[in-house]
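Below is one structure; the comments refer to it alone.
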Amino acid sequence: MTAVVRPAIEADVSSIARICSTSYRDAYRDLLPEGYIERSVVAFYEPERVAKEVSPAPPDWFGYQVIEEDGRILGAAGGGMSGPTAGELSLIYLEPAQRGRGLGTLMLDSVTDQIRAAGGTEMWVSVFLGDRNGIGFYRARGFQPMDTVRAALSRVDDHIVSLRMCRQLG
């Protein structure tokens, strides 16, 4: 069967929370302090928060998108508009064993389509500085580094920096 990207529904909440939490920990365990990772997982990927964000709240949030294959959720993504013509990819996570199959690109394309439909002409994403896999993924899909900022939830003593990347939507 072919993997399909679709809007998330309430029944997907536990899968989204599990995939995002597991993938976040896996992706950043050698890059970020454990305390920061756990703080972020609790803040963003607890089932209660995911449940509140399954439904769209445009223009800021288009709701979660999931990628499903054979009835199983393999990944989640989401984004929204951050300005009149600027869209933001907020997250994209896959089960670690599913990477390299093109599923991340399918989810990115889905969120890109949502941003275009909302009038977006550019798309932004934040990637942790030093995340070679993430930066490479976005660079290969036309994103260019633009600036660095302190990462969300970073404390002054964390010194955690995000690279802001952007691509024009044609």
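Using +1 on the beta carbon of Lys and Arg, -1 on that of Asp and Glu, and nothing else charged, what's the dipole of the stretch 4-168 about the Cα centre, debye to 20?
My answer is approximately 380 debye.
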Helical contribution to [θ] at 222 nm, DSSP H n ≥ 4, -39,500 (n - 2.57), averaged over the chain, rounded to 500: -10500 deg cm²/dmol
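Could you tell me the relative contact order of the stretch 88-170? Use alpha-carbon pairs under 8 Å, at least six residues apart, and round to a whole percent. Intermediate results must be reported in sequence, preceding the final value.
Values: 96 pairs, mean separation 26.3, N = 83.
Once divided by the residue count of the stretch 88-170, the mean separation gives 32 percent.
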Compute the separation of the alpha-carbon centres of the stretch 101-120 and the stretch 25-64 and state it in Å as a whole number. 19 Å
Rg to Rh quotient for the stretch 4-168, alpha carbon positions, Kirkwood Rh: 0.93
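Would you work out the relative contact order for the stretch 4-168, in percent, from Cα pairs under 8 angstrom that are 6 or more residues apart? Mind dumping the intermediate values first?
Numbers: 292 pairs, mean separation 32.9, N = 165.
That works out to 20 percent.
Taken together, the values in this text are just the output of simple stated rules run on the coordinates, not laboratory data. Because the structure is predicted, anything quoted here is derived from the model rather than measured. Cβ atoms come from the backbone with ideal geometry, glycine included; neighbour counts cover every protein chain shown.
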